[in-house]
Amino acid sequence: MSNSKGDKADGFADYDIKAKIWLEKNGEPVFGMGRFLLLKKIETYGSISSAAKELGYSYKKAWSFINLMEKRFGFKLVDKKIGGKSGGGSVLTGHAKKIMTEYEELLEKEKTFLGNYQAQTPHLLQPSKH
């Protein structure tokens, strides 16, 4: 069996195994990569509006995601500061930061698992002889 790229005998050898991880509660999505990125951008910009714009979301959609997460988690994730001399802004709560850290750790474990799985089971990526 040849190892050159594109050789049909190699089956899926040129492919990577991928997965998506998200959290659900009672069968309803609560948190995943999109919502993680939203919180990350809020943390970076200090603004829901700027975070939404960066991700291509409307402000309403971003707030909808935040409200839904807060409802399903049962605690605040974002504290909104109203106007004033220096303007308003938004900051993440300790709960939000903890969830983000745990999600990042989960993603690292997923990456390690998939890498190990693919390295240890290359035969599963080969076409069947039947």
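The values are calculated or read from the model by the stated rules, or taken from the named source; none is laboratory data. These numbers come from a predicted model, not from an experiment. Note: ideal-geometry Cβ built from the backbone for every residue, glycine included; neighbour counts use all protein chains shown.
Side notes on the structure shown:
- Residues being more than 19 Å from F75 (Cα to Cα), modelled with pLDDT of 75 or more and hydrophobic (A, V, I, L, M, F, W, C) - total across region 1-36: 4
- Residue, farthest from the chain's Cα centre (by Cα), within region 14-56, restricted to residues that are in contact (Cβ under 8 Å) with a residue 24 or more places away in the chain, surrounded by fewer than 12 Cβ atoms within 10 Å (Cβ to Cβ) and under 30 Å from Q120 (Cβ atoms): Y15
- Inside region 32-54, residues that are in a helix (DSSP H, G or I), closer than 17 Å to M100 by Cα and of a type outside the set (V, I, T) make up a count of 12.
- Within region 68-79, residues that are charged (D, E, K, R) sit with their Cβ atoms under 6 Å from residues that are in a strand (DSSP E or B) and surrounded by 15 or more Cβ atoms within 10 Å (Cβ to Cβ), at 6+ positions apart or across chains, in these pairs: R72/V30.
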